[in-house]
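The values are calculated or read from the model by the stated rules, or taken from the named source; none is laboratory data. Remember, predicted model here, so these are calculated numbers, not experimental data. Glycine also receives a Cβ, built like all others from the backbone with ideal geometry; neighbour counts cover every protein chain displayed.
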């Protein structure tokens, strides 16, 4: 089976790192935890959002904590013969070297994968083009787009995606079990 996996808030706890940096370095309080996007989450303008990410993208993407047992279960799936495709919207939009930072992060956390695809803003097309059988993601937009093209999605549970329908996992053990039970 070919498995697509998002990075932010799927492999990593990116929102937690964003919340921590916003509070510690910008004195911003989370306004609404049920919102995914920074400007909604912190009740600020899109300009403030962009400035924040230009300033902290490297730190966020390079040091967000990995989700518990993500490496263990991703590697277990890989070792069972599944092909692992990391499919991420990450790009150098906000800072140079985001791709290198991401590759270093995956290596440091010993995550096995067969291919990584950056700048994946239309994940439904990427999944179709790469014959992905199942995609693990947290983004409501991506979940809906991928589901609409007939590809199975496992939703990595977060406060902001609770209104999305489909197979849901609270952790990587649950993701593993959902994939292996098929």
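The number of residues in region 139-165 being more than 15 Å from residue 121 (Cβ to Cβ) and within 15 Å of the chain's Cα centre (by Cα) comes to 9. Just give me the residues in region 1-40 being outside any loop (DSSP other than H, G, I, E, B), in contact (Cβ under 8 Å) with a residue 60 or more places away in the chain and out of contact with any strand residue (DSSP E or B) (no Cβ under 8 Å at 6 or more places or on another chain), in sequence order. Across region 1-40, the qualifying residue is only 15.
Residue count for region 110-130 satisfying the condition of being surrounded by 15 or more Cβ atoms within 10 Å (Cβ to Cβ) and closer than 14 Å to residue 11 by Cα: 3.
Say whether the condition of being assigned to a loop (DSSP other than H, G, I, E, B) and touching a residue at least 24 places away in the same chain (Cβ under 8 Å) is met by at least one residue in region 46-59. So far as region 46-59 goes, no, none of its residues is assigned to a loop (DSSP other than H, G, I, E, B) and touching a residue at least 24 places away in the same chain (Cβ under 8 Å).
Residue-by-condition table, conditions (1) buried (at least 19 other Cβ atoms within 10 Å of the Cβ); (2) farther than 22 Å from residue 164 by Cβ; (3) not assigned by TED's automatic domain parsing to the domain that holds residue 123:
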position: 24; (1), (2), (3): no, yes, yes
position: 28; (1), (2), (3): yes, yes, yes
position: 48; (1), (2), (3): no, yes, yes
position: 71; (1), (2), (3): no, yes, no
position: 76; (1), (2), (3): no, yes, no
position: 79; (1), (2), (3): no, yes, no
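Does residue 105 meet the test of being touching a residue at least 12 places away in the same chain (Cβ under 8 Å), within 18 Å of the chain's Cα centre (by Cα), in the same structural domain as residue 127 (by TED's automatic domain parsing) and surrounded by fewer than 21 Cβ atoms within 10 Å (Cβ to Cβ)? Yes: the conditions hold for residue 105. Note on region 153-177: residues that are more than 16 Å from residue 33 (Cβ to Cβ), touching a strand residue (DSSP E or B) at 6+ places or on another chain (Cβ under 7 Å) and without any contact (Cβ under 8 Å) to a residue 24 or more places away in the chain total 5. Pairs are defined by a Cβ separation below 6 Å, a sequence spacing of at least 6 or placement on different chains, a first member in region 115-132 that is in the same structural domain as residue 82 (by TED's automatic domain parsing) and more than 19 Å from residue 82 (Cβ to Cβ), and a second member that is at pLDDT 95 or above and exposed (fewer than 14 other Cβ atoms within 10 Å of the Cβ); the pairs so defined are 124/149. Checking the stated criteria, residue 36 turns out to be under 20 Å from residue 89 (Cα atoms) and under 13 Å from the mean Cα position of the chain (by Cα).
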